[in-house]
Amino acid sequence: MGTLILLLPLGLVAGLLSGLLGIGGGLVFAPLLLAMGLSPHAALATSTVAIVPTTLGGTWAHLRTRTLPLKGGVSISAGAAVAGGLFSHLGVLLSGWHLLALQALMYALIALTFAPPAPRPEAASADPGSGDLVGLAVVGLLAGLASGMLGIGGGILMVPLMVRLLAVPVHQAVRYSTLAVLVASFSAAWAFLQDGRALLPFSLLLGSAAALGAQWSAKRLNRVPERQLVVVMRMFTAFLALENGRRAWLLLAAG
């Protein structure tokens with residue numbers, strides 16, 4: 001019982017990070033569930049289900065403030081939904097240490113390459129052009145692949161890609177990412193619940209607390225400078241690269 005109660009404040013922390021960084025909360029969920037003794041497959045599946053209410057809270061806040069352009073949101077969400085459904089069963093083909101090692105590699109690449117954008121005015125209300133819509137759809141596809149195969153929302157991958165490759169302002173990338181992670185995670189979570197990998201009580205406890213935190217921080221996103229958001233994301237990804245790499249090594253050595 002005490003362990004379950006501990007999920008609530010940690011879920012709230014994950015939600016605060018979700019609203020600020022455009023991630024689903026899996027940065028906190030998955031390591032926490034692993035530490036509680038869940039297997040890598042169960043932890044990553046349960047994390048994916050918990051991401052759904054988390055990102056729903058952040059997306060609702062962005063929609064209410066009308067800061068999420070609809071055309072761009074539909075494009076990136078369509079790519080995320082298609083890939084999330086197609087690749088939702090890939091994770092079972094990999095061993096636990098493979099899943100963690102791939103996550104560690106992805107986190108390390110982001111920590112080493114994600115750089116603050118050059119100063120520029122942010123046009124939060126402007127819809128992207130047709131070329132940008134295609135680019136956003138491709139980013140959504142990559143997020144769906146990450147969600148389905150690795151059990152993460154994909155936001156930690158999408159925001160750097162949008163900023164570096166599509167020149168999307170960080171705040172806007174966070175908004176797009178939050179919506180796309182919601183769609184991708186929902187698609188993958190359905191498959192995880194059907195095959196029994198996800199533990200629904202854990203997901204609901206984490207997700208409900210995180211949804212409140214995500215809604216609160218998403219409303220205050222514009223108050224945080226872009227460079228600070230990038231620094232926080234690099235710090236978290238560097239830490240997670242080390243932690244997941246350590247866990248992957250322990251699983252490999254034990255097997």
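For the ranges 241-247, 46-52, 212-218, 14-20, what's the packing order if you count other beta-carbon atoms within 10 Å of each residue, average per peptide, and put the highest first?
The most tightly packed comes first, giving 46-52, 14-20, 212-218, 241-247.
Could you give the dipole magnitude of the chain about its Cα centre, charging the beta-carbon of Lys and Arg +1 and that of Asp and Glu -1, in debye to the nearest 20? If you can, show how the numbers build up before the last one.
Details: 14 positive and 6 negative charges, 92 e Å.
In debye, rounded to 20, the chain gives about 440.
Give the distance, in whole Å, between the Cα centre of the range 20-80 and the Cα centre of the range 203-255.
Each part reduced to its Cα centre gives a spacing of 11 Å.
Take the Cβ-Cβ distance between Leu94 and Val134 as r, set R0 to 41 Å, and report the resulting FRET efficiency rounded to the nearest 0.05.
0.85
What number results when the radius of gyration of the chain, computed over Cα atoms, is divided by 2.2 N^0.38 Å? Provide the component values of the computation, followed by the final result.
Working: Rg = 16.6 Å, N = 255, 2.2 N^0.38 = 18.1 Å.
Normalised Cα radius of gyration, the chain: 0.92.
What is the dipole size for the range 126-255, taken about its Cα centre, with +1 at each Lys and Arg Cβ and -1 at each Asp and Glu Cβ, in debye to the nearest 20?
380 debye
First measure r as the distance between the Cβ atoms of Arg223 and Arg164, then evaluate 1/(1 + (r/R0)^6) with R0 = 30 Å and state the FRET efficiency to the nearest 0.05.
Details: r = 24 Å, r/R0 = 0.79.
E(calc), rounded to 0.05, equals 0.80.
Can you give the helix-only mean residue ellipticity at 222 nm for the chain, where every DSSP H stretch with n ≥ 4 adds -39500 (n - 2.57) and the sum goes over all residues, rounded to the nearest 500 deg cm²/dmol?
Dividing the helical sum by the residues of the chain leaves -26500 deg cm²/dmol.
If packing is taken as the mean number of other Cβ atoms within 10 Å per residue, what is the order of 180-190, 33-43, 105-115, highest first?
With the highest mean Cβ count within 10 Å placed first, the list reads 180-190, 33-43, 105-115.
Calculate, axis by axis, the spread of Cα positions in the range 176-254 along the three principal axes, and write the results as whole Å, longest axis first.
Sorted from largest, the Cα extents of the range 176-254 read 44, 31, 21 Å.
Values quoted throughout were computed directly from the atomic coordinates according to the rules given, and no laboratory measurement underlies them. Nothing here was measured: the structure is a model prediction, and the numbers come from that model. Quick reminder, even Gly has a Cβ in these numbers, built from the backbone with ideal geometry, and neighbours come from all protein chains shown.
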